[in-house]
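First comes the structure, then the notes that go with it.
The values are calculated or read from the model by the stated rules, or taken from the named source; none is laboratory data. Only a predicted model underlies this, so the values are computations on that prediction, with no experimental measurement involved. Note: ideal-geometry Cβ built from the backbone for every residue, glycine included; neighbour counts use all protein chains shown. Just so you know, the surface numbers come from the protein's heavy atoms only, side chains and all, with ligands and any DNA or RNA stripped out. Shrake-Rupley method; radii C 1.70, N 1.55, O 1.52, S 1.80 Å.
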Amino acid sequence: MTPFSSSGPVVGSDTQGIRPTAPSAPQSMTLFSASGPVVGSETSGFRPAPPVAPSTNIPEASSFRPAPPARFNDPSVPSPPTSYVPPTIGPFSRFPTPQFPSTQPPPRTPPAGQPPFQPFAGQVPPPLVPLRPQQQKPSVPMGPPPQNVNYAPSMNVPQPPSDSSFSAPRSNFQPSFPGYVHQQPLVDSQAPPVQSPFVAKQGPTPFQTPVSSPFVAQPGSYVPSQPVATSLGFQSRDHLQHPGSGLGAIQGLVEDFNSLSVGSIPGSIEPGVDLKALPRPLDGDVEPKFLADMYPMNCNPRFLRLTTSGIPSSQSLASRWHLPLGAVVCPLAEAPDGEEVPVINFASTGIIRCRRCRTYVNPYITFTDAGRKWRCNLCALLNDVPGEYFAHLDGTGRRIDLDQRPELTQGSVEFVAPTEYMVRPPMPPLYFFLIDVSTSAVRSGMIEVVAKTIRSCLDKLPGFPRTQIGFATFDSTLHFYNLKSSLNQPQMMVVADLDDIFVPLPDDLLVNLSESRSVAETFLDNLPSMFQDNLNVESAFGPALKASLMLMSQLGGKLLIFQNTLPSLGVGRLKLRGDDLRVYGTDKEHALRLPEDPFYKQMAAEFTKFQIGVNIYAFSDKYTDIASLGTLAKYTGGQVYYYPGFQSAIHGEKLRHELARDLTRETAWEAVMRIRCGKGVRFTSYHGNFMLRSTDLLALPAVDCDKAFAMQLSLEEALLTTQTVYFQVALLYTASCGERRIRVHTAAAPVVSDLGDMFRQADTGAIVTLLSRLAIEKTLSSKLEDARNTLQLRIIKALKDYRNLYSVQHRLGGRIIYPESLKFLLLYGLALSKSTPLRGGYADAALDERCAAGFTMMALPVKKLLKLLYPNLIRLDEYLLKKSTHDDLESVEKRLPLAAASLDSRGLYIYDDGFRFVIWFGRALSPDIAINLLGPDCAAELSKVTLIERDNVMSRKLMKIIKKFRESDPSYYQLCQLVRQGEQPREGFLLLTNLVEDPMGGTSGYVEWILQIQRQVQQNP
Ligand SMILES: [Zn+2]
C-alpha cells in the first residue's frame, strides 16, 4: 500500500516500540479545576481556578522539553513580578444584575420555519443513512480518568435572562419555507411611484408585486408565499419634510434622534413604514469617530472597539442600556503598510509597569516630581521612574524625550519581553498535520489538494530556520512517518492497537523542516498516491488525536486536522445525530449543537494546556458532527473550516487558498491575553474561541490576525468617581522569529452620566458582534427560537428606554426613534436572527452547517461579521458594458439593498458575503454579456459552469473585479457560484434566502420586523 520502502519497522500493538510518557493529566492540574469563582454570567462547566502563578502573564509552562507533569506548576519557575490580584469579593457578587425582569414564559409556538418539514435541495440535511453499525467495543480511555467532572471547559454561555417571553408575532406569514415574493426592481424605482402616502391596506405594495410564475411550488422546492398583507404606505412625515435626509431624520436643534414614521391609518391597525427610507449599511462597517477624536492617542479601533464609548457612571444607568456593554478585541488585526505597531526594547531597563495593577506604560500615564515619578492611569498609584528611563519634564509637564518614546505617544506598541516573561525558551513554530485517508477522503480529492498546498507553502511557513513539521494519517489504524533528515525517504509506521495508543520513534516524527526538507517533500509528493486505492471506510479519529497530543505535547504548536469520515473507532467515536425530528422545538434541541462526547472538550483542554492550537478542516458530504469536532478548535483558539461535500474540482481552489493563508499568516504562539480596565469597572465574561485560564486570562495557543474576542463589562461600584475609564489589552506571545513579545493596546473612554450620551456614543459594529456571540451561545443552551427572541427583546428594551428619554418633551406619535449611532441595529438584528446559526428550525440549515457557521462567527472580527450579516449586492452589467478604458473600479462599488426588489432581470449582480460570491444572471440579461462571460457555456446549466477569464474585454473586466474583491478580503477565499434567475432551487438557497430584507419562510422582512419592534417598544410598560 505504501511506496515507501519498509526499512522501518511496522509497529503494531505487539511490537516493541518506544513509548514516550503519555501526557497524562498531572495531579497538580488545578488550572481547570472547579475551585475558582464563577466569573460573570457564565454558566460554566469549567470554573476557572484562581491564578496559579502570581503573575499570570507568564505562560504556564516550565522549561524547554520538560517532563510534562512539571509544566504548569513548576515551583522552580522564577517568580515573576507581583501581579495585581483582583480583590476577591464573594464570587457571586460580581454577577451582573439580570437585564430583564422575569416574566411568564411565552405560550409555546412552533419555531419559525420548522413545520412543515420541507427541506429544499442544497440545504437538505444529509441523507439519514446510518454510516455503519456502531462499534460495540467499550471505549478504553487512555491514562488516568479526568481528575474531576467539571473539567469540561466553559462554554461561556451567559446566564440567559429568565425572561424569554417575547414571542414574535408572525401571524402575517405563511409558514412555508422559503416564501419568496417576487418584487419589482427597487433600483429602477428610486423615485418610488408613491400615488398616495396611504396605500391601500391590503394587497400588493409598490415594491411587492407578486409574480408567481417563475417560482411554481414544487415539493421540496421553493414555495412562494402569499403577498405580505402589511401595508407599506409611504408615511414618513419626516422624510417628506426633509427630503434630503433620506432617513426621515431630524437632527440638530429640534430633536436629537432619528426616527421613522410608523403611521397608523385611522380605524385600522395596519401601520406602515416607508421601505425606501429605511436605513441600510450600504457603506459597510463605519467605525465611530467619536473616541478617536476625543482621545487621539487611543489604539486604532481595528484592535479594540467598545460597544459604547460613553461608560455609564452608575449601575442604575448601566441597567437602562440593555445592549451589551463591553468590547471587541482583535489584538493582531492586520494594519495597512506604514501603520505597523512599533516594537520597543527596554533591554536592561525592563518593561515599565505599574507596581500595583501591572498596567504597562502608555500614553495616558502622567509624570510628576520633576520626572522622577509616574502616576498609573488605571489605578492612580504613584510609581518610581527607573533611573534609565528618567527624562526631564518641560514647562507643561511633558517629558522632553516624547518624540523618541512611542510607548508614551501611541496607543499600540509591542514590547520585547525579557527572560522573566518566559518560563521556557520560546517555542519554534510547529505544524503537525493529521490527515484522514479513509476511502471517502481519498475519493473527495482532498488529500491531493492538501498535500500539494502544504508542499507549495514550505518556503513560506513562518519561523525559518526553526520551524518544525510532522505528519500522521489515519483510517482504521494510525500511520506515522519517520522524517529523519538522514533518510532518503520517509518510513511509515502503522499502529493498529487503538486502545493503548503509543507513538513510535517520537523524536523523528516531528522534525526541523529545513533539515528534513527533502524527506518531507518526498512524503508530500507521495501522499496522494499512497492511499489512492484505500477502501478503508473507518475513522480512528479519537485515537489519532490522542497520538497527536503525545507527539506535540513537548513543544506545542498548531495541529491541522483534515477530516472526512465520522469518527467510528476507538475513543471519541461519534454517531449520527440530528435526524430525530421530534427533538426540534423541545428543550432537548440544543443538545444537538453541543459535543456529544465529553472526550472532545477534555482533549481541547489538554491541547490548550500544552500550547496546541487546533484547526479543523472538515469535508464530508454526510453528517460529521461538527458540534463535537469544532469543540477542539473552539477551546484552543482555533478555527473550523467546513467544505461540505468537498470535490477537488469544485472546491479545490478555496481549500488551497484558505489552507495557504492558515499556514503562512503571521501567528502568535503560546499566547495569553488579558484586558485590564480602570477602577470601578470589570470585565465579567468573555466570548469567542479560547479557553479561560484563571478569571480573566485568555489562553490562546496560536492566534492570528483573523481572530477577535469579545468581552462584557460590568460596573463594580454603584457610582464611578472618575471622568475617564482606561482599557489596556496585553497579548503576551512568542513571535515566529523566536522573540517573546507583549503587544499592548491602550484606550481611554469618557464616563457619562446621561443615557442619551451612552446611545450617542454607541458602536453598532461592536454591539452586533457581542450580540451575535451571546445569541450563538444561547443556542447551545436553548431553542433557536428562544435565542432569537432574547436578541429581539434586548433591542426592544434598549429602544424603549431610549424613547423614554424623549417622550416627555416630544410628541413621538407612532414614530420609532433611535439614535443615529444605532440606525443599522434593527437591520443587523434581523440579519442575525436569519443567519445560519440562528435561522428557522430543522429544515433551514443542516445541523453541521449551522454548527460550523456558529464556530466561525464566534471568532470573526467586527468588519467581517457585519459583511457576513449584511453582504454586498452589486450590479455589474452596466460597468461591463461601459467603454471606458481606464479603471474606474470604484464605480462598481455601489451596494444595493438586500432585497429581491434590487434585482433587475436585465442585470448581472454579484453577491459577496466575504465567504463566497454568487453571480446572478437576470433572465433578460443581454445575450452579449452572457456570451462574453460564459462563452459556449452560456446556455448550459450554470451549476456546472466555472467562471474563467475569456479573451474579451468584458470577461477581463469581470475577472478583475472579482480579483479586487478577493484581495480586499483575504481571510477566506470566495468561490464564484453562478445562478440564473428563476433557476430553482439553486437561486433560492444560493441567493434568495440570503436577501435578509425580504420576508422568507415564516420570518419577517425588514418592514415587518420594524413594525414588530415598534409595537413592542410602544407597549406599556
Ligand atoms: Zn496601576
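Scalar couplings 3J(HN,Hα) for the range 498-515, obtained by applying the Karplus form with A = 6.51, B = -1.76, C = 1.60 to θ = phi - 60°, are 7, 8, 9, 6, 9, 10, x, 6, x, 6, 9, 8, 10, 10, 6, 4, 5, 6 Hz; x denotes Gly and Pro. From most to least packed by mean Cβ count within 10 Å, the peptides 680-692, 911-923, 541-553 give 541-553, 680-692, 911-923. With Cα atoms defining each centre, the range 908-965 and the range 848-879 are spaced 21 Å apart in the structure. Placing pseudo-labels 7 Å out from each Cα toward the beta carbon at Ala391 and Arg455 gives an inter-label distance of 5.4 nm.
Where Lys and Arg each count +1 and Asp and Glu each count -1, what net charge lies around Leu382 among other residues with Cβ under 12 Å from its Cβ?
Numbers: positive: Arg355, Arg356, Arg372, Lys373, Arg375; negative: Asp369, Asp384.
Local charge sum for Leu382: +3.
Give me the distance between the Cα centres of the range 357-377 and the range 606-650, rounded to whole Å. So the separation of the two Cα centres works out to 45 Å.
Extension gain Arg356-Ser319, at 0.36 nm per residue separation less the Cα-Cα distance, in nm?
Values: separation 37, 0.36 × 37 = 13.32 nm, distance 3.05 nm.
Answer, rounded to one decimal: 10.3 nm.
Sparse packing (at most 15 other Cβ atoms within 10 Å of the Cβ) combined with a DSSP loop state is found for the following GluC sites (Glu not before Pro) in the range 707-810: Glu717, Glu739. Taking a Cβ cut-off of under 15 Å around Val449, the surrounding Lys, Arg, Asp and Glu residues balance to a net charge of 0, with basic ones at +1 and acidic ones at -1. Taking label points 7 Å from Cα along the Cα-to-Cβ direction, Asp951 and Asp754 give a separation of 6.9 nm. Electrostatic bookkeeping for Tyr600 treats Lys and Arg as +1 and Asp and Glu as -1; over the other residues with beta carbon under 14 Å from its beta carbon, the sum is +3.
Only residues of the range 460-495 count here: report those whose backbone N is under 20 Å from the spot 7 Å along Cα→Cβ of Asn345, or say none. Within reach of a label on Asn345, which here means backbone N under 20 Å from a point 7 Å along Cα→Cβ, the range 460-495 contributes 463-466.
Please compute the length gained on full extension between Lys679 and Asp500, using 0.36 nm multiplied by the number of residues separating them and subtracting their Cα-Cα distance. Intermediate values should be presented prior to the final figure.
On the way: separation 179, 0.36 × 179 = 64.44 nm, distance 5.23 nm.
Difference between extended and current length: 59.2 nm.
Surface composition of the range 335-408: carbon plus sulfur atoms hold 49% of the accessible area, using a 1.4 angstrom probe and ignoring ligands, DNA and RNA. Of the cross-linked pairs Lys452/Lys957; Lys546/Lys609; Lys276/Lys823; Lys575/Lys834; Lys558/Lys864, those separated by over 19 Å at the C-alpha level are Lys452/Lys957; Lys575/Lys834; Lys558/Lys864.
Working out 0.36 nm times the residue gap between Val583 and Ala649, then minus their Cα-Cα distance, what length gain in nm do you get to one decimal? Walk me through the numbers before you get to the answer.
Values: separation 66, 0.36 × 66 = 23.76 nm, distance 3.70 nm.
Residue separation times 0.36 nm, minus the Cα-Cα distance, leaves 20.1 nm.
Measuring nothing but protein heavy atoms, the accessible surface of the range 898-960 at 1.4 Å probe radius is 56 percent carbon and sulfur.
The string of couplings for the range 384-389 from the Karplus curve (6.51, -1.76, 1.60, θ = phi - 60°) is 6, 8, x, x, 5, 9 Hz, one whole number per residue in order, with x for Gly and Pro. Each label was represented as a point 7 Å from its Cα along the Cα-to-Cβ direction; for Thr664 and Glu967 these points are 1.5 nm apart.
Residues in the range 865-1021 average 38 Å² of solvent-accessible surface per residue, probe 1.4 Å, ligands and nucleic acids excluded. Peptide packing for 333-342, 994-1003 was compared via the average number of neighbouring C-beta atoms within 10 Å per residue; ordered from the highest value, the list is 994-1003, 333-342.
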